[in-house]
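No lab work stands behind these numbers, since they all come straight from the coordinates. Nothing here was measured: the structure is a model prediction, and the numbers come from that model. Using ideal geometry, Cβ is built from the backbone for each residue, glycine included, and neighbour counts are taken over all protein chains shown.
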Amino acid sequence: MPVFDFKDKPADGAVAVCTYTVFYSDASIADDKHPIMVLDNTCGKLKHHTGGLFVNPIKRTSFEFEDEEKYSADILRIDARFTSLLKWLGENHIKVRLSGAVTSEGYAVYKIREQAFGNSNKLSSENGFLQYMIERLLSSDPPSEDITDEDDKEERGDSMKLTSIQSITDFLACADTTLPDNVKLWARRNLSVAKSNEVSPEERRHALRALSTMLSIKWKNNYFTDIDPVEARKILDEELYGMDKVKQRIIETIIQINRTHTLPAYGLLIVGPAGTGKSQVAYAVARILKLSWTTLDMSSINDPEQLTGSSRVYANAKPGIIMEAFAQAGESKLVFIINELDKANEGKGNGNPADVLLTLLDNLGFTDNYMECMIPTDGVYPIATANDKSKISAPIMSRFAVIEIPDYTAEEKKIIFNDFALPKILKRMSMNKDEVKLTDDGLDAVIELCSGTSGIRDVEQVAEHIAANALYQIEVNHVTSVTYDSAAIHALID
């Protein structure tokens, strides 16, 4: 149903007319099959590209074309995510250029671009704001149905930042229905502070920074679409050697998501020696879930305030690492990789940093002291890594499904070197597999040299050393291939 509030009336006293109905879409790309809006084309005059402006919505919801003769077309249907943007464009008389296709339903608009804004007093309509808004709205979830209220790079708004009061004001006017209720209320309050002359410049600066950080996040619901388990297994086999327990647990998680369309109640804690590929598990899961990912390195955190942010009463206050990670990822649905969780208990007298993680891990929402707002976290899937689980507190351990990874055997390292590490490095160096050959005793020598350390980092480093040496000999000595036996390996590595 229409969402405009027609409390105001046209100057001539006529009743304002809203001509459209809304439809609800989660399409992330606009085209003639998934338009932003549909205009009435009874006149048959609408063409692929045409310019003009949306009529002030207190008169009529239509588009007025600037052609040899002026004419207008009523808006018949509009994506619910774009109603506030339409109102903003109309109220501020911003000239735009529409692109669309003539369909049986009408003129399907799938692109709205900026034109010259000489007569516009909206500063944020410059510098790509409109394209930024359209991209944000297309990437957002549709508002609840009970709510009533391939271009050239220079046309894209990816680099647009909400850093001014004007751009933030206009963003909230255009996208308020896509924000969680508590974030919407918080944003309005902070915008009032940022505009107020009754508070200190420091308070206004903090409010503006907090708004810029919060509104950079694309807020998504916690609904997950089905994931193909076969494709997921293929990705796991590409990324990870062995780790059958890990792969099984991840596939079980995917089956659960497909049934419930929500994330499991528990994240994953991968425990094992250094270099066994624990972080690689998290990256593989992010790829499978098609989510952004962010990392939190607990070894560098010795004060809970680094995670929770500092109060705005301090001049040098700033958001915490967790909030900044959300902003950097730009998404509320993401894989949160917590590296070296066993180092989280090593605080320095100001409290235990690990305790701060509990609400994040419970998906109950996270509150940052600087932001002064609860951040929804029900779309966050935490995956932690650790070397020693005995150093992790019981409350933290209870939030994870724990999977232990043993160190690799000599035979497993041999397979990893031969089938994964060396081919991967050769591909990166644009080398042919026939250009580097190892004899059986040469391969044994490699594994022997790597036997004193855990994990496979040494194996990968030796593979790179061998490939680089072979490439040198091929380029300098003009040989077609290089063969390494035990003596050659020891001469190269020792």
Open item on the list: With the cut-off at 1.5 for a/c, could you classify the stretch 59-106 from its C-alpha gyration tensor as rounded, prolate or oblate?
Closed with: oblate
Task: Gln256/Thr42 FRET efficiency (R0 41 Å; Cβ-Cβ; nearest 0.05) - done: 0.20
- [ ] Fewest Cβ neighbours within 10 Å first, please rank Met431, Met374, Met37 accordingly.
- [x] Met374, Met431, Met37
- [ ] Can you tell me the FRET efficiency between Lys389 and Glu324 if r is taken as the Cβ-Cβ distance and R0 is 25 Å, rounded to the nearest 0.05?
- [x] 0.35
Task: Amide H contacts under 5 Å for Gly100, placed H, 5+ residues apart - done: Tyr110
Open item on the list: Can you tally the net charge around Arg312? Count Lys and Arg as +1, Asp and Glu as -1, for every other residue whose Cβ sits under 9 Å from the Cβ of Arg312.
Closed with: -3
Open item on the list: With +1 assigned to the C-beta of every Lys and Arg and -1 to the C-beta of every Asp and Glu, and no other charges, what is the dipole magnitude of the stretch 419-494 about the Cα centre in debye, to the nearest 20?
Closed with: 380 debye
Open item on the list: Taking amide H atoms as placed 1.01 Å from N in the peptide plane, list the residues 5 or more away in sequence, or in a different chain, whose amide H sits under 5 Å from that of Tyr484.
Closed with: Lys437, Leu438, Thr439
TODO: Compare the peptides 291-304, 268-281 by average per-residue count of other Cβ atoms within 10 angstrom and give them in order, highest first.
DONE: 268-281, 291-304
Open item on the list: Could you derive backbone 3J(HN,Hα) for the stretch 303-314 from the dihedral phi with the Karplus parameters 6.51, -1.76 and 1.60 (θ = phi - 60°), listing whole Hz in sequence and x where the residue is Gly or Pro?
Closed with: 9, x, 5, 4, 8, 8, x, 10, 5, 5, 5, 8
Task: Considering only the chain, percent of DSSP beta bridges that pair antiparallel, nearest 5 - done: 50 percent
TODO: Please report Glu411, Glu331 as a ranked list, fewest other C-beta atoms within 10 angstrom at the top and most at the bottom.
DONE: Glu411, Glu331
- [ ] Mind putting a number on the dipole of the stretch 21-125 about its Cα centre? Charges go on the C-beta only, +1 for Lys and Arg and -1 for Asp and Glu, and I need it in Debye to the nearest 20.
- [x] 240 debye
Open item on the list: Show me the trypsin sites (Lys or Arg not before Pro) within the stretch 69-107 that DSSP assigns to loop and that have at most 16 other Cβ atoms within 10 Å of their Cβ.
Closed with: Lys70
Open item on the list: For a test of the definition: using alpha carbon positions, the gyration tensor, and the 1.5 limit on a/c, classify the stretch 22-114 as rounded, prolate or oblate.
Closed with: oblate
Open item on the list: Please list log₁₀ I(q)/I(0) at q = 0.14 Å⁻¹ for the stretch 229-404, using the Debye equation with identical point scatterers on the alpha-carbon positions.
Closed with: -0.73
Task: Fewest-first ranking of Glu238, Glu198, using other Cβ atoms within 10 Å as the exposure measure - done: Glu198, Glu238
- [ ] Once you have the Kirkwood Rh of the stretch 410-493 from its Cα pairs, apply Stokes-Einstein at 10 °C and 1.306 mPa s and quote D in µm²/s.
- [x] 125 µm²/s
Task: Quotient of Cα Rg and 2.2 N^0.38 Å for the chain, N being how many residues it contains - done: 1.23
TODO: Using the structure shown, select from Lys33/Lys87; Lys59/Lys111; Lys278/Lys343; Lys247/Lys437; Lys234/Lys413 the pairs with a Cα to Cα distance greater than 27 angstrom.
DONE: Lys247/Lys437
Task: Restricting the stretch 35-110 to GluC sites (Glu not before Pro) in coil, as DSSP defines it, with at most 14 other Cβ within 10 Å - done: Glu66, Glu68, Glu69, Glu105
Open item on the list: Rounded to the nearest 20 debye, what is the charge dipole size of the chain about its Cα centre when +1 sits on each Lys and Arg Cβ and -1 on each Asp and Glu Cβ?
Closed with: 1280 debye
Task: Estimated vicinal HN-Hα couplings, Hz - the stretch 393-403 in sequence order (Karplus 6.51, -1.76, 1.60; Gly, Pro = x) - done: 5, 4, x, 5, 4, 5, 8, 10, 8, 8, 10
Open item on the list: Please list, ordered by chain and number, the residues whose modelled amide H lies under 5 Å from the amide H of Asp368; skip anything fewer than 5 residues away on the same chain.
Closed with: Cys373, Ile375
- [ ] Convert each backbone phi in the stretch 165-181 into a coupling constant with the Karplus relation 6.51 cos²θ - 1.76 cosθ + 1.60 (shift: θ = phi - 60°), then list the ³J(HN,Hα) values in order as whole Hz, x for Gly and Pro.
- [x] 4, 5, 5, 5, 4, 5, 4, 5, 5, 8, 10, 4, 6, 8, 9, x, 4
